[in-house]
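Values in this text are rule-based calculations from the coordinates and carry no lab data. Computed from a predicted structure; not experimentally measured. Using ideal geometry, Cβ is built from the backbone for each residue, glycine included, and neighbour counts are taken over all protein chains shown.
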Amino acid sequence: MLRFGIDLGGTKIEIIALSADGRQLLRRRAATPQGDYDATLATVASLVRETDAATGQRGAVGICTPGALSPVTGLLRNSNSTCLNGRPIKADLERRLGREIRIANDANCFALSEAVDGAGSGADIVFGVILGTGVGGGIVVRGRVLDGANAIAGEWGHNPLPFCHRSDEPPPACYCGRHGCIETYLSGPGMAADHLRTSGESRMPEQVVAGAEAGEPACVATVERYQERLARALAQVINVIDPQVIVLGGGLSNIGSLYEAVPRLWRPYVFSDHVATRLVRNLHGDSSGVRGAAWLWSPDEVPGGAR
């Protein structure tokens, strides 16, 4: 059985075809039609049909998107491609393609990719973290994404930053309407805002990290605050789901010092005398989303029309 993964992004739509053992057979991409729902569906359908023809098989289709399907309405919500929000994208694509599809958000697909054959391979419980423009998370248990009763399992970015210190005050406003969300501290914009607030310098996150690596005191202090806050936030995850592996993705996962500093810093906040959880960098990088979408179909599943 072939599995097709699709990364439905704001600027590009990418498809990958994986063999049963996970080998990449084909990879193509197209520009995302801006603000046009019907054109977006047509582009996805065209890529799938082209991949069917190129591989000689009707593949099982999984789709990665920043949004998620509402378990109540079946409509997409919270996508940064706003023309998709409030639309029955799963049902519409299934009609166009004549087969069942699966849809998961980008954090879940990232976590699944890294759990199946990435940095978390072999672990029973993997927590995948995206640290980028936003902060997301996904939970994979024994090779399957945990969705939850409300389809929000792993959405740690919109929980309050735990174990707050005076240096965390005042809690920043979040676009979700609350204050002090983990995302407001640990996203790229959150790091930049923290640096501006404490040093008066306006710098992009990558400039802050470069400054810290060069030994600039203000940048070093910002990165150290970031490390400590990430440690507290992940300690709360460990206390709740106790994963064997936490995999970091997104632009800020490239901060090399995180992988030594954060496990050392999370120890006082974990409710255990020993912390076996490993913190690791992703293996598949930007490919994790599209690969994870393909892995939404497990090897023992053969949907109608996918043979």
Practice problem: Only residues that are assigned to a loop (DSSP other than H, G, I, E, B) and either in contact with a helix residue (DSSP H, G or I) (Cβ under 6 Å, 6 or more places away or on another chain) or touching a residue at least 24 places away in the same chain (Cβ under 8 Å) (or both): list them for segment 273-287, please. | Solution: 275, 276, 277, 282, 283, 284
Self-check item: Out of 214, 210, 235, 221, sole residue that is hydrophobic (A, V, I, L, M, F, W, C) and either touching a residue at least 24 places away in the same chain (Cβ under 8 Å) or closer than 22 Å to residue 113 by Cβ (or both)
Solution: 235
Self-check item: Count - residues of segment 117-137 that are crowded, with 24+ Cβ neighbours inside 10 Å and either polar (S, T, N, Q) or over 19 Å from residue 10 (Cβ atoms) (or both)
Solution: 7
Practice problem: Looking at (1) more than 30 Å from residue 50 (Cβ to Cβ); (2) surrounded by fewer than 16 Cβ atoms within 10 Å (Cβ to Cβ); (3) touching a helix residue (DSSP H, G or I) at 6+ places or on another chain (Cβ under 8 Å), find the lone condition where residue 141 falls short. | Solution: (3)
Quiz item: Are any of the residues in segment 158-174 surrounded by fewer than 19 Cβ atoms within 10 Å (Cβ to Cβ), hydroxyl-bearing (Ser, Thr, Tyr), out of contact with any Cys (no Cβ under 6 Å at 6 or more places or on another chain) and more than 27 Å from residue 289 (Cβ to Cβ)?
Solution: yes
Quiz prompt | Any pair with Cβ under 7 angstrom, 6 or more apart, that starts in segment 167-192 at a residue that is within 21 Å of residue 219 (Cβ to Cβ) and ends at one that is among the basic types (Lys, Arg) | solution = 167/225; 185/229; 186/229; 192/203
Quiz item: within 30 Å of residue 65 (Cα to Cα) and touching a Lys or Arg at 6+ places or on another chain (Cβ under 7 Å), is that true of residue 253?
Solution: yes
Quiz item: In segment 133-148, how many are within 20 Å of residue 71 (Cα to Cα) and touching a residue at least 24 places away in the same chain (Cβ under 8 Å)?
Solution: 8
Practice problem: List the number of the failed condition for residue 268; all other conditions in (1) surrounded by fewer than 22 Cβ atoms within 10 Å (Cβ to Cβ); (2) within 30 Å of residue 22 (Cβ to Cβ) hold. | Solution: (2)
Practice problem: Could you check, for segment 76-85, whether at least one of its residues is over 19 Å from the mean Cα position of the chain (by Cα) and in a helix (DSSP H, G or I)? | Solution: yes
